[in-house]
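Please read the structure below before turning to the comments.
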Amino acid sequence: EMKLFLYGVISSVGILGIAGWIFPMYLLELFLGWSGPIVAGFISQYFVTQAAKKDPYSVTKTLTKGFALKMVFYGLYIIIFFKLYSFKPIPFLCSFSGFFLGLHALEAVIIKGFSKSGESQYQLQNN
């Protein structure tokens with residue numbers, strides 16, 4: 001499942017490159033808007049993948065903890081950049097929002113795959 005996430009990251013780098021080519025004056029904002037969701041996504045996928053190797057119930061527990069930690073991370077991430085750096089906020093927010101939505105949609109697809117494979121393994125063990 002991590003392979004699928006890596007394909008998503010590669011695609012997002014391509015999208016970031018195209019956006020940077022179209023809007024070269026906002027390269028920093030686009031990059032900073034991309035990097036937060038990528039870092040959070042990698043960490044999240046790592047822990048969810050490890051939990052999925054244990055059992056399906058560990059995935060739910062990991063997702064719950066991850067959700068709370070991501071809320072704190074994203075809040076701090078946005079506040080820090082708005083307080084410490086002087087840049088154009090609209091391109092940053094557009095980049096952040098787009099990559100946030102895209103990568104979380106990909107994570108949802110991956111997690112759905114975990115739950116399907118976990119259900120089938122659970123049914124095989126109990127039959």
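The values are calculated or read from the model by the stated rules, or taken from the named source; none is laboratory data. Values in this document were obtained by computation on a predicted structure and should not be read as measured data. Positions of Cβ are generated from backbone atoms using ideal geometry, with glycine treated the same way; all protein chains shown enter the neighbour counts. We work out accessible area using only protein heavy atoms, side chains counted, and drop any ligands, DNA or RNA first. Shrake-Rupley method; radii C 1.70, N 1.55, O 1.52, S 1.80 Å.
General observations
- Matching entry among Gly14, Gly20, Gly113 (being surrounded by 12 or more Cβ atoms within 10 Å (Cβ to Cβ) and closer than 19 Å to Lys3 by Cα): Gly113
- Cross-chain or 6+ apart pairs with Cβ under 6 Å, segment 89-101 first and of a type outside the set (Asp, Glu), then at pLDDT below 95 and outside any helix (DSSP H, G or I): none
- The residue pairs whose first member lies in segment 58-85 and is without any contact (Cβ under 8 Å) to a residue 40 or more places away in the chain, whose second member is open to solvent by 100 Å² or more (accessible area, probe 1.4 Å), and whose beta carbons are closer than 6 Å, counting only pairs six or more residues apart or on different chains, are Thr62/Phe47.
- Per the listing Ala51, Ala105, the residue uniquely without any contact (Cβ under 8 Å) to a residue 40 or more places away in the chain and surrounded by 14 or more Cβ atoms within 10 Å (Cβ to Cβ) is Ala51.
- Listed by first and then second residue, the pairs with beta-carbon distance under 7 Å, at least 6 apart or on different chains, first residue in segment 1-30 and without any contact (Cβ under 8 Å) to a residue 12 or more places away in the chain and more than 30 Å from Gln50 (Cα to Cα), second open to solvent by less than 90 Å² (accessible area, probe 1.4 Å) and hydrophobic (A, V, I, L, M, F, W, C), are Gly20/Leu30.
- Selection status of Pro91, in a helix (DSSP H, G or I) and within 27 Å of Leu4 (Cβ to Cβ): no
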